[in-house]
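Since the structure comes first, as structure tokens, the remarks are kept for the end.
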Amino acid sequence: MKPAWLDALYTQKFFVGCSAHENAKKNEKNVFCLDCCASICPHCIPTHRLHRLLQIRRYVYHDVVRLEDLQKLIDCSNVQAYTINSAKVIFIKKRPQNRQFKGSVNFCTSCDRSLQEPFIHCSLGCKVDYLLKHKKDLTPYLKKCKSLQLSPDFLFPQDVADDDHNMLNSTIMDSDEPMSDSSGSTETTSPVVVRKKRSGGIHSGCGRFFAFKVASSNNVEISVTPNMMISVSSARSRKGIPHRSPFC
């Protein structure tokens, strides 16, 4: 009546801790393996990398799947989709609701949830139940999918890596070096962060001191480094001795 993966998708629990990686960080089961019919966590992916994988997402405390991915497996027409993070998703399970919206005339065929026109199913589970009840066969609605990969925005934990398939999407790089300006401009450039325990000095704010490069009238550039503190006012070169008018 149902393919094994479809039945498992509806019964498996997601966003719970993985028993095989219970001591690892980010071990929530948010991936479904169609070939194994099981929910897995990101740490399990290297073992299943040659299988068909489907990412499970969370929306208003319910499990959802991207419409683009699910359409590769089954016909999703007439199922209402929702938009999260610029992508359309579909709920996996039913979400029963009493008919309390008097202005709506469109309801789900299985759970009486209010829907927008022209949709008649609020979730994948509702459509499957409707087809089994009225059509008696899901075969015309199933699609052959030999390969199904995770979307590019899937984030892997830092301790999970697959060099052969470049499965890690991002690398976090930390740098404390300040940006320098080589344009030779006499205007104020990017600040150099100078840390000092006590308040006072140049420009202070939240325990940090910001010193800026300044240019004197002689075009001599003076900068403040973290190892020294120089007042901006004293950094400017002195002018010559002022010439006063003689006494009468």
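The values are calculated or read from the model by the stated rules, or taken from the named source; none is laboratory data. These numbers were taken from a predicted model, which means no experiment stands behind them. Note that we place each Cβ from the backbone using ideal geometry, even for glycine, and neighbour counts take in every protein chain shown. Side chains included, ligands, DNA and RNA excluded: accessible areas come from the protein's heavy atoms. Shrake-Rupley method; radii C 1.70, N 1.55, O 1.52, S 1.80 Å.
Open to solvent by less than 80 Å² (accessible area, probe 1.4 Å), out of contact with any helix residue (DSSP H, G or I) (no Cβ under 9 Å at 6 or more places or on another chain) and of a type in the set (D, E, K, R): which single residue out of Asp137, Asp129 fits that description? First the steps, then the outcome.
Working: Asp137 fails: out of contact with any helix residue (DSSP H, G or I) (no Cβ under 9 Å at 6 or more places or on another chain).
Of the residues listed, the single one that is open to solvent by less than 80 Å² (accessible area, probe 1.4 Å), out of contact with any helix residue (DSSP H, G or I) (no Cβ under 9 Å at 6 or more places or on another chain) and of a type in the set (D, E, K, R) is Asp129.
Scoring Met1 on the criteria (1) within 20 Å of Lys127 (Cα to Cα); (2) open to solvent by 50 Å² or more (accessible area, probe 1.4 Å); (3) of a type outside the set (Asp, Glu); (4) modelled with pLDDT of 95 or more leaves a single failure, condition (4). Checking every residue in region 19-37 against the condition of being buried (at least 16 other Cβ atoms within 10 Å of the Cβ) and small (Gly, Ala, Ser) gives zero matches.
When region 59-100 is filtered for residues that are open to solvent by less than 80 Å² (accessible area, probe 1.4 Å) and within 18 Å of Pro118 (Cα to Cα), the ones remaining, listed by number, are Leu67, Asp75, Cys76, Ser77, Asn78, Val79, Gln80, Ala81, Tyr82, Val89, Ile90, Phe91. Sub-8 Å Cβ pairs linking a first residue in region 14-38 that is in contact (Cβ under 8 Å) with a residue 40 or more places away in the chain to a second residue that is β-branched (Val, Ile, Thr), at least 6 apart or interchain, are Phe14/Ile56; Phe15/Ile56; Val31/Ile40; Val31/Ile45; Val31/Ile56, ordered by first then second residue.
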